[in-house]
1. Given points 7 Å out from each Cα along the Cα-Cβ axis, report the residue B:109 to residue A:17 separation in nanometres with one decimal.
2. At a 10 angstrom cut-off on C-beta neighbours, averaged per residue, how do the peptides B:47-56, B:196-205 rank from highest to lowest?
3. What's the average, rounded to a whole number, of partner chain beta-carbon atoms within 10 Å of each residue's beta-carbon in B:33-41?
4. Sorted by mean Cβ packing within 10 Å, highest first, what order do the peptides B:93-101, B:177-185 take?
5. With the crude spin-label approximation of a point 7 Å out along Cα→Cβ, what separation in nm comes out for residue B:23 versus residue A:155?
6. Bin width 10 Å, origin at 0, all Cα-Cα pairs of segment B:138-234: what percent of pairs per bin?
7. Express the Stokes-Einstein translational diffusion coefficient of segment B:68-165 in µm² s⁻¹, to the nearest whole number, given a Kirkwood radius over alpha-carbon pairs, 25 °C and a viscosity of 0.890 mPa s.
């Protein structure tokens, strides 16, 4: 891995010596993590800010645990995943809705490779997908978000969620099936 | 929008760094994480070792249950199986395997391996180590020294001694104290009493067993009323060794040396395949027990 001044790994090393350098990492990851939080169903800006603060504080405390065989992005997303679950648990609330952008990748959420004909016949719009995502279990919503909206590969998702790669594939398959079922219910 | 995002990022960065300053938050040391990782690995190893010791206990119990004598001790093989199965050790194998998986999953890279792969590998390792532990004699220590102290658990030897302490059913087991010239012998039973055993119906093979084993199993007939007491008698029909396999090498009892022989006057009359006396005629299953005796010689 290169250690030019701009890489995340080098900034981590600098942050251990000088906490002001950690501000660079915060600035880099605020927006991606905020967007991720909205996609997971954290809707209020104040809640997102609180959550992100906790994530960055945890990240700073655990800088010496950063495994350089992972990318820093994967590692901080892992912390984000854990803190989001704690956030919902502590507040005893369900994830609210889901921020779904108008993009091709969203349609991939509902694609069924085993049934291309059904893909042609169905024309689910983003609003339907938005509603359906808001109704499925958090673990399915999260894995679909990571795969199709955050565009993570299976190994990265495995490292973020700390589950085997095989389980990632199974979970994605199951999540898409459940999402399509939910969309069908909404149509009816 | 971008400017707003930049402002938001800077604000959050500033707030976070202020909190770090005010609350004096600092990165945990590398040693903390190193120790945590090593602790999980230590528990993985301990879990595998404990599971392996439990496997050794299972092997010891299965090897020291008198399966070949089931025809005499139990109504059926299934009955003996259910009474002898080492449930405690099976349960502990599962418990320690579970603990091993839990701790492995929490190591830095452990989450990358599927549950089935981890359990399969851990099971193979536990069985392999368990066989090694058993061969080294740890199975007996586990089952008798540790298992002996667990409520509701009966060690393999205790179970076997119990099965061979049923004089009314014609089953006796114990330590051979003395063999007389006429073939009778004194047995200290597993019930704690010393009995005079009539050896009139025993064969050469039976006497070889008596001579070379300190503990024996005896199938026979209690005299007269069927009651056995220190003043009563027991008529032996078959004698089998009570061998303990899987003992630690350092604890092996010295083998007995043959000191007793069948009385000379009756040696020529012995015929293994013939029922020697009326007392033994009703011992069931006579032919099966004969076969077992012949195999064991």
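1. If labels sit at residue B:109 and residue A:17, their model points lie 2.9 nm apart.
2. Details: B:47-56: 24.2, B:196-205: 20.7.
Result, highest mean first: B:47-56, B:196-205.
3. On the way: counts 5, 2, 0, 1, 1, 0, 0, 0, 0.
Counting other chains' Cβ atoms within 10 Å and averaging over B:33-41 gives 1.
4. Numbers: B:93-101: 18.4, B:177-185: 15.9.
Ranking, from highest mean packing down: B:93-101, B:177-185.
5. Here the answer is 3.5 nm between the modelled labels.
6. 16, 43, 27, 13, 1
7. On the way: Rh = 15.8 Å.
Calculated translational D: 155 µm²/s.
Values quoted throughout were computed directly from the atomic coordinates according to the rules given, and no laboratory measurement underlies them. Because the structure is a prediction, the values reported are computed rather than measured. Every residue, glycine as well, gets a Cβ built from its backbone with ideal geometry; the counts of neighbours run over all protein chains shown.
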